[in-house]
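Below: one structure, written as structure tokens.
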Amino acid sequence: MKNYELLYIVKPTLDEDARGELLNTIKEIITSANGEVAEVENWGSRKLAYPIQKFRDGVYTLVNFKADVEFPKELDRRLKIAENVIRHVIVAQDEK
């Protein structure tokens, strides 16, 4: 298994409960693929560098997790079709 970092931005109009539900869904996707969620950081609302889908702000969340090498493709596919996620990036962490 390899270490990964997922940073995703959700619409600022999303309420706290919906953001929590989305995070739980992402955690469930990771654990159902035999992955492990290591750490979750909520960065809160921040101004975007440029408008995305007519939004100037977004709510950032960082998720560190371990998973198999093939898993990020599936997570990327599922986040692309999630209507409340306006941007996301998955990065493989260097081994220390």
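The values are calculated or read from the model by the stated rules, or taken from the named source; none is laboratory data. Computed from a prediction, not measured in an experiment: that's the story for all the values here. Positions of Cβ are generated from backbone atoms using ideal geometry, with glycine treated the same way; all protein chains shown enter the neighbour counts. For the accessible areas, the whole protein counts, side chains as well, though only heavy atoms, and no ligand, DNA or RNA atoms are used. Shrake-Rupley method; radii C 1.70, N 1.55, O 1.52, S 1.80 Å.
Brief remarks follow.
- Of all residue pairs spaced 6 or more apart or on separate chains, those with beta-carbon atoms under 8 Å, a first member in the range 68-86 that is farther than 15 Å from Val37 by Cβ and assigned to a loop (DSSP other than H, G, I, E, B) and a second member that is open to solvent by less than 100 Å² (accessible area, probe 1.4 Å) and among the charged types (D, E, K, R) are Val69/Lys2; Asn84/Lys11.
- Residue in the range 27-40 that is over 15 Å from Met1 (Cβ atoms) and assigned to a strand (DSSP E or B) present: yes
- Sole exception among (1) without any contact (Cβ under 8 Å) to a residue 12 or more places away in the chain; (2) more than 16 Å from Lys66 (Cα to Cα) for Thr31, by number: (2)
- Look at (1) exposed (fewer than 15 other Cβ atoms within 10 Å of the Cβ); (2) out of contact with any strand residue (DSSP E or B) (no Cβ under 9 Å at 6 or more places or on another chain) and you find that Ile29 fails only one, number (1).
- Residue, farthest from the chain's Cα centre (by Cα), within the range 4-24, restricted to residues that are of a type in the set (Ser, Thr, Tyr) and surrounded by 12 or more Cβ atoms within 10 Å (Cβ to Cβ): Tyr4
- Hits in the range 41-67 (condition: open to solvent by 90 Å² or more (accessible area, probe 1.4 Å) and assigned to a strand (DSSP E or B)): Asn42, Trp43, Arg46, Lys47, Ala49, Tyr50, Arg56
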